[in-house]
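Colleague: Sharing a structure, written as structure tokens. Questions coming.
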Amino acid sequence: MNKHLAGTVAIVTGASSGIGRSTALELAAHGASVAVVARRQDHLDALVGEIQNTGGTALAIAADITDRAQATSAVERTVADLGRLDILINNAGLMLLGTVSEQDIQDWDRMIAINQTGLLSMTRAALPHLQAAATREPRRVADIVNISSIAGRVAWPTFGVYNMTKFGVNGFTEALRQEVTKSHVRVGLLEPGAVETELVSHNTDDVKKALAASDDIAEWLQPQDIAESIAYMVTRPRRSSIAELWAMPTAQA
């Protein structure tokens, strides 16, 4: 594989499983040193070992990014230990479904905290370092990729608060892109459809049964499909910015 990202440093949140884990492996294969951020230390340690076994460089940072201080610390530790920051992948997310009238309000708070507040905190802490990287070799460009969802484009019953968080991510991403793109900090949005990850597993058994009953998608995307899309976005030449990428299973598109 071409080492398009040699000499760069990336942070991937939500890296303990699913899309985040696959993305960390993919970026490392392209030559980036990768800081993997999530709450499950054992999963992160295993991922770092896998990257190191293939000759890559990785750093495990156990953190709860819904705590602004921990999010900021994760960024600062990355820069202190790995020397710089070129790429931020805001992947951490939570999808808890239920009707507006009946869903546990604590589920709302948890989704807002992870899907929005955590993303904001990571972005704010990373931005000065990304702006500095965009002025330096090896690429003279930096990247933020925010992982949203088809639920940031289309609303459905029982998805209300999750829809709200992802529609918000979409709007924030576009506003930030306009603010920083001329300084060669590229800000991109990736909206996956159905991907086979742990995302659904955090719901109640009733919700999972309802989702399974309504599922008419013959073949879901795999985390690697999204990881490859992210890698495509951040390995474009400096002159090229992918503002939005919608990645769907063929049967769902």
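Colleague: Considering 76, 50, which residue is charged (D, E, K, R), over 15 Å from residue 11 (Cβ atoms) and either at pLDDT 95 or above or outside any loop (DSSP other than H, G, I, E, B) (or both)?
Modeller: Within the list 76, 50, the selection yields 50.
Colleague: Another question, if that's okay. Please work out if residue 173 is over 14 Å from the mean Cα position of the chain (by Cα) and closer than 29 Å to residue 197 by Cβ.
Modeller: No: the conditions fail for residue 173.
Colleague: Of all residues in the stretch 163-185 being among the hydroxyl-bearing types (Ser, Thr, Tyr) and surrounded by fewer than 17 Cβ atoms within 10 Å (Cβ to Cβ), which is nearest to residue 151 (Cα to Cα)?
Modeller: My answer is 181.
Colleague: Let me ask something else. For the stretch 145-236, please list each of the helices (runs of 4 or more DSSP H) lying entirely inside it that holds at least 1 residues being modelled with pLDDT of 95 or more.
Modeller: Values: elements: 160-180, 205-214, 223-234.
Qualifying helices (runs of 4 or more DSSP H): 160-180, 223-234.
Colleague: Continuing with the same structure: Within the stretch 26-50, take every residue that is over 16 Å from residue 86 (Cα atoms) and crowded, with 23+ Cβ neighbours inside 10 Å and give me the one that is nearest to the chain's Cα centre (by Cα).
Modeller: Filtering first and then ranking leaves 38.
Colleague: Can you report the number of residues in the stretch 15-47 which are charged (D, E, K, R) and not in a loop (DSSP other than H, G, I, E, B)? Steps first, answer last, please.
Modeller: First, the residues of the stretch 15-47 that are charged (D, E, K, R): 21, 26, 39-40, 42, 45.
Checking which are not in a loop (DSSP other than H, G, I, E, B) leaves us with 21, 26, 42, 45.
The total comes to 4.
Colleague: How many residues does the stretch 99-111 contain that are within 8 Å of residue 161 (Cβ to Cβ) and part of a loop (DSSP other than H, G, I, E, B)?
Modeller: Keep residues of the stretch 99-111 that are within 8 Å of residue 161 (Cβ to Cβ), which gives 100, 103, 107-108, 111.
Keeping just the survivors that are part of a loop (DSSP other than H, G, I, E, B) gives 100, 103.
Result for the stretch 99-111: 2.
Colleague: If you don't mind, another one. Which residue pairs have Cβ atoms closer than 8 Å, lie 6 or more positions apart in sequence or on different chains, and pair a first residue in the stretch 48-59 that is closer than 9 Å to residue 34 by Cα and touching a residue at least 12 places away in the same chain (Cβ under 8 Å) with a second residue that is of a type in the set (Phe, Trp, Tyr) and not in a helix (DSSP H, G or I)?
Modeller: Every condition considered, no pair remains.
The values are calculated or read from the model by the stated rules, or taken from the named source; none is laboratory data. Computed from a prediction, not measured in an experiment: that's the story for all the values here. Every residue, glycine as well, gets a Cβ built from its backbone with ideal geometry; the counts of neighbours run over all protein chains shown.
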